[in-house]
Amino acid sequence: MTKKITMSDIAAKAGVSQSTVSLVLNGSNSVKIAETTKQKVIDTAESLGYNNKKVAHALGRPKKIALVINGLSSYDPFIDAINSAREEAWTSDYILVTFNYGHDEVMASKIESEINGGDYAGMIYASSMTRELHQQRVNTPLPTVLLNCTNESRSDAPSILPADMIGAYKAVSHLTKQGYRNIAILSGESWMLASQQRHQGYRQALVDADILPNEEYCREANWSLKEAHQQTLELLQLAQSPEAIFCCSDFMAMGCYQAIAELGLKIPQDIAVVGYDNQQIASESFPALTSVDLPYSDMGKLAVESLLALIESQPLLSHRRKVEGELIVRLSSVK
């Protein structure tokens, strides 16, 4: 077992008192200490591998991380990622400063100047919508991690993404294991990465269950409750209506619920429904909605861990990490 380095060890090697080491590493100004002595203590502590947080503090290194996002509403579940990132940063003695430029180009420019001119150690560039970036509005030479987005032109910046294809696969596989074969999907806009990934997971789960995907069952509801309601009505009026519907968001699932109720049908007796996101409404709806948990909290934590590794020049396991969400099975999909 590696011996834990103490202040006594540093004091002995540096040839100073333990109290001097304590004053230097804790950044105390209560006693005037010569700059040469301070540097000697810091160099000795670093060479021995002592508590990096205190050495960094003594060196006056940047202790702020910038998180930049291009738009966020107060009810957006992506807030979980930001809260988790803030907590994880603080455990390593960093303050997370969040900038939301809301598509304002002038503000984005000001934020860029602030980050590049301030005492920031690195930046997390985030998107509340999973997507491929065509342009990164705020740029910095500082270590950068992309959260919930990717940028092919930034091979140096690792990205943290949800494993949406796997999440959708879990949801639809759950339905096939329950015995459902005629399974429809209500997806978001087709250009969105989240929609594409969830649609791929849906199709793969059907194929693996020896079910031929029915194109008539594949509907775009554009993340809209109203559109999900309309598409569900149309699906249930088909000659061979689906036995189950996989909704790519819990919000769309609520539109699906409304349409099913309007037609006098019951969930899951007449038709099963599965959602995605696992928002609070999923557990509070009637019947409670089976849903895939979006792992935003884990993603925020991992973004900070990856950024700190870059700051400290440590190797990363992967430059593109995908985080799986858990399927939460409730009454809406159980026979």
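Computed from the coordinates by the stated procedures, all read-outs in this text should not be read as laboratory data. Keep in mind the model is a prediction, meaning the values are calculated, not measured. Reconstructed Cβ throughout: ideal geometry from the backbone, glycine too, with neighbour counts over all protein chains shown.
Could you pull out the longest piece of the chain with no exposed loop GluC sites (Glu not before Pro) in it, calling a site exposed if DSSP puts it outside H, G, I, E, B and it has at most 14 other Cβ atoms within 10 Å?
My reading of the result: 1-151 is the longest stretch.
What length, rounded to one decimal in nm, is gained on full extension from Ala34 through to Gln240, with 0.36 nm per residue of separation minus their alpha-carbon distance?
65.7 nm
So if each residue of separation counts as 0.36 nm, and I subtract the Cα-Cα distance between Leu212 and Leu331, what length gain in nm does that give?
Additional length available on full extension: 40.2 nm.
At R0 = 35 Å, how high is the FRET efficiency between Trp191 and Gln314 if r is their beta carbon distance? Nearest 0.05 is fine.
0.45
Can you show me the helix-derived [θ] at 222 nm for the chain, built from DSSP H runs with n ≥ 4 at -39,500 (n - 2.57) apiece and divided by the number of residues, rounded to the nearest 500.
So the helix-based figure for the chain works out to -13000 deg cm²/dmol.
Using the eigenvalues of the Cα gyration tensor, what equivalent ellipsoid semi-axes result for segment 87-133 when each is taken as the square root of five times the eigenvalue, whole Å, largest first?
So the three semi-axes of segment 87-133 are 21, 16, 8 Å.
Classify segment 201-300 as rounded, prolate or oblate, taking a ≥ b ≥ c as the square roots of the eigenvalues of its Cα gyration tensor: rounded when a/c is under 1.5, otherwise prolate if a/b is larger than b/c and oblate if not.
It comes out oblate by the Cα gyration axes.
Just to be sure I understand, if you calculate P(r) over Cα pairs in 20 Å bins from 0, in percent for this structure, which of [x] 29, 50, 20, 1; [y] 33, 57, 10; [z] 28, 42, 22, 8, 0 do you get?
Evaluating P(r) over Cα pairs in 20 Å bins from 0, in percent on these atoms matches [z].
For a quick check of your reading of the filter: which chymotrypsin sites (Phe, Trp or Tyr not before Pro) in segment 72-163 sit in a DSSP loop and have no more than 14 other Cβ atoms within 10 Å?
When the chymotrypsin sites (Phe, Trp or Tyr not before Pro) of segment 72-163 are filtered for loop state and at most 14 Cβ neighbours within 10 Å, Tyr75 remain.
Count charges around Arg219 for me, please; just the other residues with Cβ under 15 Å from its Cβ, Lys/Arg as +1, Asp/Glu as -1.
Residues close to Arg219 contribute a combined charge of -3.
Among rounded, prolate and oblate, which fits segment 170-255 when a ≥ b ≥ c are the square roots of the eigenvalues of its C-alpha gyration tensor, a/c under 1.5 means rounded, and a/b larger than b/c means prolate?
The shape class here is oblate.
What distance in nm separates the two pseudo spin-label positions at Ser8 and Asp93, each 7 Å out from Cα along the beta-carbon direction?
Label at Ser8, label at Asp93, 2.2 nm between them.
Test of understanding: extend the Cα→C-beta vector of Glu132 to 7 Å, then name every residue of segment 174-197 with backbone N under 17 Å from that spot.
Under cut-off, by backbone N: 189-197.
Using the Cα gyration tensor of segment 89-205, with a ≥ b ≥ c the square roots of its eigenvalues, what is the shape: rounded (a/c below 1.5), prolate (a/b larger than b/c) or oblate (neither)?
prolate
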